Amino acid sequence: MQPFLDGLRQLLGPADLLTDPADMAPYLTDWRRMFSGPALAILRPGSTEQVSAAVGLCAQHGVAIVPQGGNTGLAGGATPQGRAPQVVLSLARMTAIGTPDPIGMVIEAQAGCILQRVKEVAADCGRQLPISLAAEGSATVGGVIATNAGGVNVLRYGMARDFVLGLEVVLPDGTVVKGLKPLRKDNAGFDWKHLFIGSEGAFGIVTAAVLRLTPATRHRSVALLSVQDLPAAIRLLGLFQDRIGETLSAFELISADAIRLVETQCGLGAPVSGGSWFLLVEAASSLDGLPAAVQATLEAAYEAGLLQDGTLAASEQQAQSLWALREHVTEAESRCGKSLKHDVSLPLRRMGAFLESIQARLAGLAPAARLNIFGHLGDGNLHVNVILGDTPLSIASRITGMVHDLVAEAGGSISAEHGLGQYRLADWQRLTLKTERDLAIDIKRAMDPKGLMNPGKAVPGTSHRQ
Ligand SMILES: Cc1cc2nc3c(=O)[nH]c(=O)nc-3n(C[C@H](O)[C@H](O)[C@H](O)COP(=O)(O)OP(=O)(O)OC[C@H]3O[C@@H](n4cnc5c(N)ncnc54)[C@H](O)[C@@H]3O)c2cc1C
């Protein structure tokens, strides 16, 4: 491998080819320390040309590539897996952002740009990029696109896929495909960019994107509400959709236990009591009259007997402290030790029975474990996380298998937004129709015949095709 590493050093310069174990360590494990794996080197190219040349060298020497952005992913997709010779290719140095076009409502950004920074640049010209996740201070444009990230505003604006107008990618042989068109309409043939969005680096490397912006909203109303049970939460969602649906930006569900965890672990206080579920609801609009419309909707909800308690933020500061409760759920969970993350989506009408089954089966399988449930109810997306407590790690995969089996029985998906990565790949293979699996393998084979792009993630190896 020495000629290979020498070639890379010549291409990238010694500072951006890391081979010292201490320098490489942060790139070889995910942020939760659930996954880690070996690599020959870490590559930190600074331009699309360097990415292309480095990928070409890897192809020539049969070395696999693990693309990495902010390393905030929750499925082990950016961490090396297996023992085949591989490198991690970090996009962290590619951070250029173009001048936004506020009338055309587009912005161009390189793959290593931090999502929050792109949002700030858009906001400076009176527009917004409403992809909103708690990890946006570290997640990158390339990672967000490669995972087709969701977040709290999907209900209104859609997932990352809905914001990508143009894409520049480097194919597994090093070829650059420049598709950075800022067009909202382009039906001139097959829209290949969608192959890369959500493909978790299995087909190529995203190096830049043109993203769609939306008008900024001038007013927002944020409420924290509590309800007795899940059917009441779902009926409340229907009521909001009927009355102010076009302004509804977030409808987040948090279990009372999760709120308690935030209070005890993070020292925050919820100004609302009662009920077994809490809802964090946000509506936004540029038109005056939003607060009155939200107030009237809440009164209707009380009259319909749907609410136990609730508060409507009277200031931006109060809105932020209500959102802080939702945003601290993950941190509160991580302060309770090891947990298993399940990111599932289900038809709303199946959700209640699904949660009852999970509770009953978990009590039998792992009595020391407890559920931490929250998520994007408006999208049918729940995070059904299991805090392990004294539960032996050896039964972790049985717990996850049990959750995923119940999801499949309910007609849901085992990954609503976090992707398969290496964490969910085996369960996806187990629970997915053979025709669907084979289609994924055939596309992988066509895109990456040598199997060098992010092996062991997102798509089964071609040997799984029978
Ligand atoms: C606190 C917290 C909250 C989160 N909330 C959400 C949420 O609400 N919704 C949601 O969807 N996700 C959420 N996530 C998950 C994560 O932030 C997203 O998946 C994010 O999109 C990952 O971006 P990244 O740059 O960190 O990618 P990484 O973690 O570095 O990589 C993720 C995957 O994309 C691939 N990849 C990265 N960059 C490229 C590239 N340029 N080209 C090709 N492939 C690439 C990697 O190989 C890997 O498979 C959350 C994570 C945390 C820690």
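The values are calculated or read from the model by the stated rules, or taken from the named source; none is laboratory data. Computed from a predicted model, the values in this text were never measured in an experiment. Glycine also receives a Cβ, built like all others from the backbone with ideal geometry; neighbour counts cover every protein chain displayed.
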Here the residues within the range 413-436 that are touching a Phe, Trp or Tyr at 6+ places or on another chain (Cβ under 8 Å), over 18 Å from Asn71 (Cβ atoms) and not β-branched (Val, Ile, Thr) are Ser415
Residue, nearest to the chain's Cα centre (by Cα), within the range 299-320, restricted to residues that are crowded, with 17+ Cβ neighbours inside 10 Å and assigned to a helix (DSSP H, G or I): Ala319
Output the number of residues of the range 118-154 satisfying the condition of being within 6 Å of the ligand (Cβ to nearest atom), within 16 Å of Gly419 (Cα to Cα) and of a type in the set (A, V, I, L, M, F, W, C). 6
Could you check, for the range 324-338, whether at least one of its residues is under 22 Å from the mean Cα position of the chain (by Cα), in contact (Cβ under 8 Å) with a residue 24 or more places away in the chain, surrounded by 15 or more Cβ atoms within 10 Å (Cβ to Cβ) and away from the ligand (no atom under 16 Å from the Cβ)? no
From Gly269, Gly238, Gly275, Gly289, which residue is surrounded by 15 or more Cβ atoms within 10 Å (Cβ to Cβ), of a type in the set (Gly, Ala, Ser) and either more than 20 Å from Val152 (Cα to Cα) or more than 23 Å from the chain's Cα centre (by Cα) (or both)? Gly275
Out of contact with any strand residue (DSSP E or B) (no Cβ under 9 Å at 6 or more places or on another chain), closer than 27 Å to Gly337 by Cα and among the small types (Gly, Ala, Ser), is that true of Ala22? yes
Return the only residue of Arg430, Arg437, Arg350, Arg361 being of a type outside the set (A, V, I, L, M, F, W, C) and either within 16 Å of the ligand (Cβ to nearest atom) or buried (at least 17 other Cβ atoms within 10 Å of the Cβ) (or both). Arg437
Being farther than 17 Å from Ile114 by Cα, in contact with a strand residue (DSSP E or B) (Cβ under 8 Å, 6 or more places away or on another chain), touching a residue at least 60 places away in the same chain (Cβ under 8 Å) and assigned to a helix (DSSP H, G or I): is that true of Val66 here? no
Counting only residues that are within 14 Å of the ligand (Cβ to nearest atom), give me the strands (runs of 3 or more DSSP E) lying completely in the range 196-280 with at least 2 of them. 205-212, 248-255
Are any residues in the range 71-87 within 11 Å of the ligand (Cβ to nearest atom) and surrounded by fewer than 24 Cβ atoms within 10 Å (Cβ to Cβ), and if so, which ones? Asn71, Thr72, Leu74, Gln81
In the range 91-116, residues that are within 11 Å of the ligand (Cβ to nearest atom), without any contact (Cβ under 8 Å) to a residue 60 or more places away in the chain and not in a helix (DSSP H, G or I) total 4
Of the conditions (1) surrounded by fewer than 23 Cβ atoms within 10 Å (Cβ to Cβ); (2) part of a helix (DSSP H, G or I), Trp31 fails just one. Which one is it? (2)
If Val152 satisfies every condition in (1) part of a loop (DSSP other than H, G, I, E, B); (2) under 30 Å from Phe374 (Cβ atoms); (3) modelled with pLDDT of 95 or more but one, which is the exception? (3)
Of the numbered conditions (1) within 13 Å of the ligand (Cβ to nearest atom); (2) among the β-branched types (Val, Ile, Thr); (3) under 18 Å from Gln86 (Cβ atoms), Val63 fails exactly one; give the number of that condition. (1)
Name, by its number, the condition in (1) assigned to a loop (DSSP other than H, G, I, E, B); (2) in contact with a Ser or Thr (Cβ under 8 Å, 6 or more places away or on another chain) that does not hold for Glu333. (1)
Take residues that are in contact with a helix residue (DSSP H, G or I) (Cβ under 7 Å, 6 or more places away or on another chain) and over 24 Å from Ala146 (Cα atoms) and tell me which of the helices (runs of 4 or more DSSP H) falling wholly in the range 351-466 contain 1 or more. 396-409
Restricted to the range 394-427, and to residues that are closer than 27 Å to Ala135 by Cβ and without any contact (Cβ under 8 Å) to a residue 24 or more places away in the chain, which residue is nearest to the chain's Cα centre (by Cα)? Ala426
All but one of (1) within 8 Å of the ligand (Cβ to nearest atom); (2) buried (at least 18 other Cβ atoms within 10 Å of the Cβ); (3) in contact (Cβ under 8 Å) with a residue 40 or more places away in the chain; (4) closer than 25 Å to Arg220 by Cα hold for Ala160; state the number of the condition that does not hold. (3)
Contact list, first residue from the range 184-211 and within 20 Å of Ile97 (Cα to Cα), second anywhere and within 15 Å of the ligand (Cβ to nearest atom) and of a type in the set (Lys, Arg), beta-carbon distance below 7 Å, six or more apart or interchain, is Ile197/Arg161
Please state which one of Lys457, Lys450 is basic (Lys, Arg) and within 16 Å of the ligand (Cβ to nearest atom). Lys457
Can you tell me which of Ser138, Ser132 is of a type in the set (S, T, N, Q), in a loop (DSSP other than H, G, I, E, B) and more than 30 Å from Gln86 (Cα to Cα)? Ser132
The range 180-197 - residue that is of a type outside the set (Val, Ile, Thr) and surrounded by 20 or more Cβ atoms within 10 Å (Cβ to Cβ) and, of those, farthest from Leu377 (Cα to Cα): Lys193
